[in-house]
Each structure stands twice: as C-alpha cells, then as structure tokens.
Amino acid sequence: MYKLETRDLRKEYPGTLALADVSIGFSGGEVHALIGKNGAGKSTLVKMLAGSVQPTSGQIFVDGSETKLSSPTAAFQRGIATVYQELSLVPSLTVAENILLGRLPQRGPFIDWRAANARAEAILTDLQIDLDVRERAGNLGVAQQQVVEIAKAMSADPSVLILDEPTSALARHETDRLFALVRRLSARGVAIIYISHRLQELHQIADRITVLRDGRHIDTRAMAETSAADIVHMMFGEVVQRPRPQDAQVGTQPALRVKNLERKHAFRDINFTLYAGEVLGIAGMLGAGRTELLKSLFGAEPFDGGQVEVAGQIIAAPTPMRMKEHGMAFTPENRKEEALVQGHSIRANMCMAGMGRIARGFYTTRALEQEHVDAQVERLQIKVADTEHAVSSLSGGNQQKVVVANWLNNRPRIVLFDEPTRGIDVQAKQQIFQVMWDLSRDGIASIFVSTELEELHEVCHRILIMQNGRIVDEVRPEQIAPDELYVRCMESEES
C-alpha cells in the first residue's frame, strides 16, 4: 500500500490543461524523484499534494484512504509536509522559533522559552542536525536554512515529505550532507518526493523516478535501471525543430564585449563578444549565475572585477541609467515586481523607459505618448481594449509584451531578455521570438536567457553554456539537437 497515491489526477485552467489524468504511487521508505521540464506539470502536482491547489478531477489517497486535501493545513494534518524551493523562514526569528512557529509551548499566557528551545533541540538531535537553536535564521547559510526547513516539516512527524529543488542553491559538500539527512528520513519509512533539475543527483539519491511532460505521466521506473539518456528522451520526446529566419543575420561589428567579469558568489571569468544583430543564448540550470550576469551587465547589481564595453566604449561602474543611455535594455525575469507598475495604466508602463525620447523638453502629454504606444501595440499584437486600463488587467503574455514595448520605445541597440517566455502561452512565445528576429534584422543584438533549452535552440544564432558561475562551452544550434544540449548542460555541471 502506498503512503500517497494519485489516480487520474487532472487540473484544468481556462484554455490550459496543466495536468492530464496522472496516476502515481509513492511508497514509504523510498526517495521518489519527480522530474520534467518547466511547464511539465510538476509544480501543479506538488501544489495539489500540498493542498494549495484543488484538482479538477481525480482522486488522492493517503495510506489507502481517499482524501480531500482542501488546504495546506489539511495536507499537513494528513501527514504531508512540503519544503519549497523558496525558503519560508523568518530571518529575525531563532531556529527554535522557526521550527515551532505557531506551536510554541506556553506557560500560562507566556511563551515557555526553555521548553521551546528544549523541544527544538530534541528535534534537531533526532535528525542528527548540529545547529544552535538560539541562532537567528537570518545568520545561517542557505544549506543550514534548508535543513531548518526540513526540521520544521519533520517536527510534526509526517509520513510524506516533498522536497522541491532542495539543492538548487547548495554547493557539492552541502548537497552531500543534505542527502545524508534525506537517506536517514527514508530509512525511517518516510516517503520522500524529490523534485530536481539536476540529473546527476538522481542516481545518488533516488530509488524510483517519474517523468512528466506537458502535464502527462510519461513513465515511472526504478532509478537503477534508467540512464541519463533515457531520462532526457522521456523529458523531451520527439522535438520538432523550427528553422530560424534566414534574413536574421549576425553582423560583424561588436555590440558588446565582456572581459574577465566576476562577482563574488555569482559568476567569474566571464568572457564573450556579442555582435550586432546576434541573438545570443545563455543556457544553464537554476543557480548557474545567468540572471546575476544579466543584472550586472545592465548595472542593476555591481560586479567585482572585469570590463564591459558597449560599441567600443568601456563603461566604468555601470548603472541602469548609464547603460540605458548607451542603448541597453533589460527585461527582467520577475516582470510583475521588477518591470511593471501593476497599478499604473498600460500606456504609462509602455512609456517609462523611453520617456526621454517621447517627452518634449521637460513635459509630456497623453497625446505624445499615445503615438508610441499605438505603434508598439500594433507591432507586438498586444491584446488590449483600452491602454488606459491597469496593466494588471492583462494576461501574463500581454504583460510581457508591454515590458518589451516599454524598452523598444527607447530604441535600444542591445536587449537583455531574462526568461521572457515564462508563464505565457505558446502564441505569445512565438511573438516574443519574432520580436528578437525583427530586432536582429534591424541590427539590434539580444542576449536570451531561458531554462527552456528548446527555445534557445530555436531562436539563437549561438548559445553559451553556463554552470556554477562560469561559461564552460559554446555551441551553435545547427550543430546540436535540443536534448543533446540538455545533456551538455548536465555534463558541464558535473565536470
């Protein structure tokens, strides 16, 4: 009998089938890896098992009994604990307070701190974790915070523990310690559901593996009988390769040169040249340093050493304002918080970056702005009834187009795209790709970061592979298949 089982679990959103009739069983005493590309359905499945999302149809069984997990509390009460990739500790509270948050022992109307610390110490000792329960969580390293999250989850003695990308920010020696803890929990009979993008980890830690693709359960196999090539094939299936437009050509003039760029704990020894009209991809897994690199190129985060040269001019101490003046644009990964003002109108959001070009002297008018807004709405096929509506009223795909339109109104020479297709539909993705190719035709260079390696393969002229803060390889799409590119990224990570 499985500790946790799904039968024909399905989740539909308007216009999207996120999970299609998935049936999987998770046994006690084993580590069960759950993998798939972004958009494969992993997060949707985990959220349903954690009680934060309700299925459209299907059944969930805990210890053989059908169960409705109507909330995270209901899931926790049924013995299902989840540790998400984004850690949820309160930095200002101690280790003990975080572990027992909401369940601190009391003596009358007051918290019994001696009992709280003793209980937290007992939990850590039981898990063979050596930490001072009086230390504030904010003073701990990422690996220590990760084990505190696990201790917090295990404090209620769950029968199922879901770990979502637990090693994405850990060094190799920290990963080894985490694996030792996971094995101890599995040996106690806990069912471990382990989500990871790092294929080389799976043979170290997993007993079984389940692969999802496009919301569907592709297969479940014993890990010992499954090769890395098998996993990649299950994740990708047969990939249809679309040709890049022949007229989107790379020029001969350098648009950007990066020499020996480094930033502590983020990236090092970064060297490359970006040419006019080139779409340059940066491939890599979570934690590779891709986003940190783009932010430093744009001046949003400082680098510690090296040199950035735009159109032959060395830029000392880049800042976003300075880089914008030199023709650089940046569409960040988190568009809602870093690229858009949700309460402002679509028009206002599309004119922020280009206001210096749009305004006449020291003033602007709605009429001056509207001409530029209308041109971008048409160019990017933004579906909008009225540009005076709040940008928050748009779909994710159309919000992303507004971000791009905002920068196009500043007439950039270089555009940095960080995960521009995350959370948008297939049609919107193709339109974003078309924008990159249109920019290429106009001689404008782009750097395109994406965890969706098929996208890089389809769109880019050249792809740099980045792992552990370093560029370790360079490939051209016509010389490598998408699944081979994925394997190359994994091989680079292991080396």
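Every number in this text was worked out from the coordinates using simple rules, so none of it is lab data. These figures come from a predicted structure and were not determined experimentally. Glycine also receives a Cβ, built like all others from the backbone with ideal geometry; neighbour counts cover every protein chain displayed.
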- prompt: So what does the Cα-only Debye profile of region 380-426 read at q = 0.27 Å⁻¹, as log10 I(q)/I(0), no solvent term?
  reply: -1.11
field: In region 44-108, the GluC sites (Glu not before Pro) that fall in loop regions by DSSP, at most 12 other Cβ within 10 Å
entry: Glu86
query: lysines near Lys264 by alpha-carbon distance under 20 Å, same-chain residues fewer than 8 away left out - which ones?
result: Lys295
message: With a cut-off of 8 Å between alpha carbons and a minimum separation of six or more residues, what is the relative contact order of region 59-121 in percent?
response: 19
- prompt: Convex hull volume of the Cα atoms in region 4-151, per residue, in Å³?
  reply: 154
For region 68-158, the spread of Cα positions along each principal axis, largest first, Å: 38, 35, 24
- request: Output the peptides 151-158, 222-229, 192-199 sorted from most to least packed, where packing is the average of other Cβ atoms within 10 Å over each peptide's residues.
  value: 192-199, 151-158, 222-229
Over region 4-236, relative contact order from alpha-carbon pairs under 8 Å, at least 6 apart, %: 29
task: Positive end of the charge dipole of the chain (Lys, Arg +1 and Asp, Glu -1 on Cβ, about the Cα centre): tell me which of Leu202, Ile218, Ser392 has its Cα farthest that way.
output: Ser392
field: Candidate aspartates and glutamates for bridging to Lys324, where Cα separation is under 15 Å - those fewer than 8 sequence places away on the same chain excluded
entry: Glu301, Glu309
field: Cubic angstrom per residue, convex hull over Cα atoms of region 254-494
entry: 120
message: Only four residue types carry charge here, +1 at the Cβ of Lys and Arg and -1 at the Cβ of Asp and Glu. Report the dipole size of the chain about the Cα centre in Debye, rounded to the nearest 20.
response: 940
query: For the cross-link pairs Lys47/Lys68; Lys42/Lys336; Lys3/Lys47; Lys11/Lys47; Lys3/Lys68; Lys383/Lys429, which exceed 19 Å when the distance is taken from alpha carbon to alpha carbon?
result: Lys42/Lys336
statement: Diffing region 394-409: the Karplus 3J(HN,Hα) column from phi (6.51, -1.76, 1.60, θ = phi - 60°), in whole Hz with x for Gly and Pro, holds 8, 5, x, x, 6, 4, 4, 5, 5, 4, 5, 4, 4, 6, 5, 5
statement: Across the alpha-carbon set of region 154-236, Rg over Rh with Rh taken as the Kirkwood radius works out to 0.97
query: So what's the back-of-envelope 222 nm ellipticity for the chain, counting only DSSP H runs of four-plus at -39500 (n - 2.57) apiece and dividing by all residues, rounded to 500?
result: -10000 deg cm²/dmol
field: region 254-494, relative contact order [Cα under 8 Å, separation at least 6], %
entry: 29
- line: The answer for the per residue Cα convex hull volume of region 240-390, in Å³, is 175
- line: Matching label for the computed volume of the Cα convex hull per residue in Å³, out of [x] 154; [y] 173; [z] 182, is [y]
